Amino acid sequence: MSIYDPIGMDKEGNEISLIDVLGSNEEDISIRVENASEQKALLELVKKLTKREKMVLQLRYGLMNSPKRTQREIAKVLEISRSYVSRIEKKAIQKLMEEMKRIDPK
């Protein structure tokens, strides 16, 4: 991975790279690169989730510039019960954790 490789988009939809977000402190840079790599890996894993699982996680945790929402709010949006939202969220997180362990069993 190069520090010039794109890692995502900013709020205006412009592509950003690692060099755009790096600080000047060497230790800080190392931490930021590691975090960016982990985020990129996580985004790849999220692609393996079902459409509904992705939607629940996106709304619940404010991903992709969405506001964070409660399970109750998500239930209203998706027209399902709050307990079903909870089960979907738990299952999606479990899938992601299992995949992360499979990729990097630290």
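The values are calculated or read from the model by the stated rules, or taken from the named source; none is laboratory data. All values derive from a computational prediction rather than experimental measurement. Counting neighbours? That spans all protein chains shown, and the Cβs are built from the backbone with ideal geometry, glycine included.
The requirement of being surrounded by fewer than 17 Cβ atoms within 10 Å (Cβ to Cβ), modelled with pLDDT under 95 and out of contact with any His (no Cβ under 7 Å at 6 or more places or on another chain) is not satisfied by Met55. Where helices (runs of 4 or more DSSP H) fall wholly inside the range 45-104, the ranges with 1 or more residues that are among the aliphatic types (A, V, I, L, M) and either in contact (Cβ under 8 Å) with a residue 40 or more places away in the chain or in contact with a strand residue (DSSP E or B) (Cβ under 9 Å, 6 or more places away or on another chain) (or both) are 82-103.
On the given criteria, is Lys106 basic (Lys, Arg), surrounded by 15 or more Cβ atoms within 10 Å (Cβ to Cβ) and modelled with pLDDT under 90?
Details: basic (Lys, Arg): yes; surrounded by 15 or more Cβ atoms within 10 Å (Cβ to Cβ): no; modelled with pLDDT under 90: yes.
The answer is no for Lys106.
Scanning the range 47-93 for residues that are under 12 Å from the mean Cα position of the chain (by Cα) and of a type in the set (S, T, N, Q) turns up Gln58, Asn65, Ser66.
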